[in-house]
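*Asks:* Got a structure for you, questions after.
The values are calculated or read from the model by the stated rules, or taken from the named source; none is laboratory data. From a predicted model like this one, the values you see are computed outputs, not experimental measurements. Cβ: placed from backbone, ideal geometry, glycine included. Neighbour counts: every protein chain shown.
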Amino acid sequence: MRGNIPIGISNISGLVILSLDGNQLSGSIPTSLGRLGNLQASSLRILSLESNSLSSTIPSTFWNLVDILHVNLSSNSLIGSLSQDIGNLKVVIDVDLSNNRLSGVIPSTIGGLRDLGLSILGKNNLSGVIPESLEALSHLKYLDLSFNRLQGQIPTGGPFQNFSTQSFVSNSALCGAPRLHVPPCKKGTHEPNWRKAKYIVPGIISVVLLVAAVSIFLLRRKRNVEVTIEASSLLQPLWRRVSRLELLRVTNGFHESNLLGSGSFGSVYKGTLSYGIDVAVKVFSLQLEGAFKSFDRECEILSNIHHRNLVKIISCCSEIDFKALVLQYMPNGSLENWLYYRDYSLPILQRMNIMIDVASGLEYLHHGYSIPIVHCDLKPSNILLDDDMVAHVADFGISKFLDGGDSMTQTMTLATVGVWNGRNSLKKRGCVQFWNSSDGNIHKKEANR
């Protein structure tokens with residue numbers, strides 16, 4: 001799709017989801033888009049315009065989308081500063097504005113977005129300090145401010161206790177704790193104005209310091225308890241959590257008619273959420289060895305990666321005896337069905353497009369994310385196809401981060417999948433490296449132990 005976003009798109013009644021990502025759209029974001037947040041019957045909840053060529057500034061009316069839950073404007077050429085009106089998005093859960101040309105300071109009003117669980121502002125030209133108001137975001141599980149021009153002290157309270165160096169990399173003027181791999185702050189760096197006043201009124205300021213110290217001590221004790229509970233329950237959720245009861249309802253009690261398939265660690269069912277979105281619910285069989293680890297690993301991977309050829313996580317459920325992921329539903333099933341069952345057929349051009357999609361997803365995993373990720377279980381059943389036959393890589397249960405402690409050789413021996421050679425036989429076990437189509441069919445190639 002090319003050209004500008006039509007101004008009249010705001011006249012569509014009942015528009016809840018608007019996804020135009022991965023096209024060649026140009027021009028600016030229409031100012032009329034803000035009217036989709038003022039409709040009485042229904043308003044826009046999900047907006048994705050990522051991976052286009054949109055330019056100009058984000059219009060002021062954009063922040064009128066007060067009911068929006070998910071905002072993704074990443075990988076465009078947007079310029080200008082972020083408005084303080086971003087604080088109007090009171091119920092937003094995740095915001096991705098990365099890989100643009102945004103400048104100016106980070107608005108302090110972001111600290112008022114109490115439900116914010118993910119904020120990605122990396123790869124822009126943002127400057128100034130990181131607002132301390134972000135310490136109040138108790139649900140914030142993932143923050144990316146990397147590759148900007150931020151300065152001053154990195155906050156230490158609230159969710160900042162759990163962030164790693166990847167959240168702040170390539171901001172040369174930041175300072176803070178040694179674990180974040182930034183220089184220590186010099187005495188007096190980013191000092192509040194009332195601390196400077198203690199030289200003038202030492203008697204009054206000493207009382208203020210005493211009261212502040214006691215308050216901070218009590219507040220941190222409370223926050224530490226809350227963070228511990230959150231961390232034990234779930235690793236970096238993107239959306240609101242769902243209960244086991246809700247998943248039972250949307251899948252008709254995990255009925256056989258809703259079963260999409262089964263894998264090494266559980267089964268996948270089709271479900272329909274209350275606002276009409278079809279999803280795939282992956283339920284883990286916790287009695288199997290490695291199921292808990294597989295759940296944690298998929299949560300960790302899927303909550304950090306964002307690419308049009310990787311399956312997206314929508315929500316999850318993590319209880320003591322039940323764990324499940326709510327994933328993007330793929331109507332056309334797996335590539336395995338299209339390759340090996342008689343009722344399906346794939347023209348050679350479509351096969352080439354699928355290979356390009358898979359290669360694009362793997363290229364992002366290996367080089368597009370700050371820490372390289374190796375999938376280690378790439379096979380036709382783990383490649384899913386959407387309405388437009390666009391391929392999405394899925395199942396990250398045994399994937400690995402290459403964070404410096406793991407070598408490529410060590411990681412490549414982790415997978416235990418067979419490799420189909422096209423003659424009804426399985427070759428030695430190994431880790432999938434890439435695809436070829438020399439005979440018109442799609443095969444997997446492995447790295448033998």
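*Asks:* Residue by residue through the stretch 349-406, note down the ones that are of a type in the set (K, R) and under 20 Å from the mean Cα position of the chain (by Cα).
*Replies:* Residue satisfying the conditions is K400 alone.
*Asks:* While we're here: I86 - would you say it is part of a loop (DSSP other than H, G, I, E, B) and surrounded by 20 or more Cβ atoms within 10 Å (Cβ to Cβ)?
*Replies:* Against the criterion (part of a loop (DSSP other than H, G, I, E, B) and surrounded by 20 or more Cβ atoms within 10 Å (Cβ to Cβ)), I86 does not qualify.
*Asks:* Turning to a different aspect of this structure: Can you name every one of the strands (runs of 3 or more DSSP E) wholly within the stretch 129-188 that holds 3 or more residues which are surrounded by fewer than 20 Cβ atoms within 10 Å (Cβ to Cβ) and out of contact with any strand residue (DSSP E or B) (no Cβ under 9 Å at 6 or more places or on another chain)?
*Replies:* In the stretch 129-188, no matching strands (runs of 3 or more DSSP E) lie anywhere.
*Asks:* Could I ask something else about it? Of the residues that make up the stretch 40-53, is at least one closer than 24 Å to R149 by Cα, touching a strand residue (DSSP E or B) at 6+ places or on another chain (Cβ under 7 Å), surrounded by 22 or more Cβ atoms within 10 Å (Cβ to Cβ) and not polar (S, T, N, Q)?
*Replies:* yes
*Asks:* Going by the conditions given, is K293 within 22 Å of L20 (Cβ to Cβ) and of a type in the set (D, E, K, R)?
*Replies:* no
*Asks:* Please find, among S75, S26, S13, S32, the residue that is in a strand (DSSP E or B) and either polar (S, T, N, Q) or in contact with a strand residue (DSSP E or B) (Cβ under 7 Å, 6 or more places away or on another chain) (or both).
*Replies:* Answer to the check: S26.
*Asks:* Between residues in the stretch 371-394 that are farther than 20 Å from K270 by Cα and residues that are aliphatic (A, V, I, L, M) and in a strand (DSSP E or B), which pairs lie under 6 Å by C-beta distance while being six or more apart or on different chains?
*Replies:* D377/V417; L378/V432; K379/V417
*Asks:* Considering only residues that are in a loop (DSSP other than H, G, I, E, B), in contact with a helix residue (DSSP H, G or I) (Cβ under 9 Å, 6 or more places away or on another chain) and within 29 Å of I120 (Cα to Cα), which ones fall in the stretch 327-382?
*Replies:* Once the filter is applied, which keeps residues that are in a loop (DSSP other than H, G, I, E, B), in contact with a helix residue (DSSP H, G or I) (Cβ under 9 Å, 6 or more places away or on another chain) and within 29 Å of I120 (Cα to Cα), the stretch 327-382 yields S370, I371, P372, H375, C376, L378.
*Asks:* Any residue in the stretch 297-314 that's basic (K, R) and surrounded by fewer than 21 Cβ atoms within 10 Å (Cβ to Cβ): show its pairings with residues that are at pLDDT 80 or above and not in a loop (DSSP other than H, G, I, E, B) at Cβ separation under 9 Å, as long as the two are six or more apart or on different chains.
*Replies:* R308/D357; R308/S360; R308/G361; R308/H392; K312/L327; K312/Q328; K312/H392
*Asks:* Moving to a separate point now. Please list, ordered by residue number, the strands (runs of 3 or more DSSP E) wholly in the stretch 261-322 having 1 or more residues that are within 24 Å of D357 (Cα to Cα), of a type outside the set (K, R) and under 14 Å from the mean Cα position of the chain (by Cα).
*Replies:* Correct list: 313-319.
*Asks:* Let me ask something else. Given the condition closer than 23 Å to L126 by Cα, in contact with a Lys or Arg (Cβ under 7 Å, 6 or more places away or on another chain) and assigned by TED's automatic domain parsing to the domain that holds L121, answer yes or no: does some residue in the stretch 41-57 qualify?
*Replies:* Yes, the stretch 41-57 contains a residue that is closer than 23 Å to L126 by Cα, in contact with a Lys or Arg (Cβ under 7 Å, 6 or more places away or on another chain) and assigned by TED's automatic domain parsing to the domain that holds L121.
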